[in-house]
Amino acid sequence: MDINSKVIADFIADQLSKWELADNNFKALAGVKVKTLDVDGMPIKVQFNPARIVSSSAKVDAKSLKERKCFLCEANRPAVQYGLEWGDGRYTVLINPFPIFPRHLTIPDNGHVDQLIRGRVADMMRLARALEDYTVFYNGPKCGASAPDHMHFQAGNSDFLTIGEALRKVALEPIVEDGAARASVSDELPLPVIVIDSPCPEAGQRLFERIYDALPIRDDETEPMMNLLCYPEGDDIRLVVIPRKQHRPSFYGTEGDDTMLISPASVDMGGVFITPLEKDFERLDADLIRRIFAELCLDKATLRKVAESIKV
Ligand SMILES: [Zn+2]
């Protein structure tokens, strides 16, 4: 079916009127503690969100995945949960019962297929255009996805994230144009990103896949590690590519005084860090966030090389 922000608003309201657990979790969001840090000019919000412990501590190794029922497959969803078909019947739009955003959606593929982005960016861009005031995001299999065995996007209201506004304020340096799409980089954000702008989902996907092919890939991975955020920007759709080199920070964990339960994904990279434990919420500061970006994101020099290699 055709979706737009009105259809989605009615859908969310209807699901919350029938699904108590989800309704309680959305209501609880209004009372969560939030603080805002300045990290080299980019505002970063920190959200203390105890309900997200399930996701932050998710075991995503092959054995653990095999032993659990996939919560994104239709057969395993709660009876009260229903979805809206989208994209010629290929995807279903669902509400996320463990929200971070005041409006939070999960959009799984209708088949139980691995989380892989190749061939899907055009879908992502079309979805971002249809949802209007949402940011659609993708977490790579070891970059925050808690169901790396079932392809899915998520989406949340754009005004909640800070990266969109931060990118509007910095100078973007164009690196390549390909048909109706162009890619740029910026040295002014605290984390290295590549930005693709295009009014055309197919052109955006083509240029994205040139970058994908140029990114380093680890022997033990199925695709280059990354987070993606996608939203309308003027007449274009903007895709923010955040290449990664590590899954979790070196101090990730629950044991010992020096560990923190922080497992960054697209939302964190987009400017909202989620801490399920209050002690981590109190402790997280700008220096630690700089350290997390440095440990998890592909460094600026390597990103420059990737950008240079796709110039023709
Ligand atoms: Zn599944």
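The values are calculated or read from the model by the stated rules, or taken from the named source; none is laboratory data. These figures come from a predicted structure and were not determined experimentally. Note: ideal-geometry Cβ built from the backbone for every residue, glycine included; neighbour counts use all protein chains shown.
It is to be established whether one or more residues within segment 159-182 are under 24 Å from Gln246 (Cα atoms) and charged (D, E, K, R). The answer is no; no qualifying residue exists.
For segment 61-80, name all the residues that are surrounded by 11 or more Cβ atoms within 10 Å (Cβ to Cβ), within 14 Å of the ligand (Cβ to nearest atom) and assigned to a loop (DSSP other than H, G, I, E, B). Passing the criteria: Arg68, Cys70, Phe71, Leu72, Cys73, Arg77.
For Ile117, are the conditions met, namely being at pLDDT 95 or above, away from the ligand (no atom under 16 Å from the Cβ), under 18 Å from Val60 (Cβ atoms) and hydrophobic (A, V, I, L, M, F, W, C)? Don't jump to the end; show me each part of the working.
Numbers: at pLDDT 95 or above: yes; away from the ligand (no atom under 16 Å from the Cβ): yes; under 18 Å from Val60 (Cβ atoms): yes; hydrophobic (A, V, I, L, M, F, W, C): yes.
So Ile117 passes the test.
Restricted to segment 84-114, and to residues there that are more than 16 Å from the ligand (Cβ to nearest atom) and without any contact (Cβ under 8 Å) to a residue 24 or more places away in the chain, the residue that is nearest to Leu207 (Cα to Cα) is Asp88. The listed residues are Lys311, Lys305, Lys279, and the only one of them that is within 26 Å of Ala214 (Cβ to Cβ), of a type in the set (D, E, K, R) and free of Cβ contacts under 8 Å to residues at least 40 places away in the same chain turns out to be Lys305.
Tell me, which residue of segment 296-312 that is aliphatic (A, V, I, L, M) and assigned to a helix (DSSP H, G or I) is farthest from Pro243 (Cα to Cα)? Before you say what the answer is, go through the steps one by one.
So in segment 296-312, the residues aliphatic (A, V, I, L, M) come out as 296, 298, 301, 303, 306-307, 310, 312.
Next, only the ones that are assigned to a helix (DSSP H, G or I) stay: 296, 301, 303, 306-307, 310.
Numbers: Leu296: 9, Ala301: 12, Leu303: 8, Val306: 10, Ala307: 12, Ile310: 15 Å.
The selected residue is Ile310.
Specify the residue that is farthest from the ligand (Cβ to nearest atom); the eligible residues are those in segment 30-60 that are modelled with pLDDT under 80 and part of a loop (DSSP other than H, G, I, E, B). The extreme case among them is Ser57. Of the helices (runs of 4 or more DSSP H) lying entirely inside segment 183-288, those containing at least 2 residues that are at pLDDT 95 or above and over 22 Å from Val121 (Cα atoms) are 278-283.
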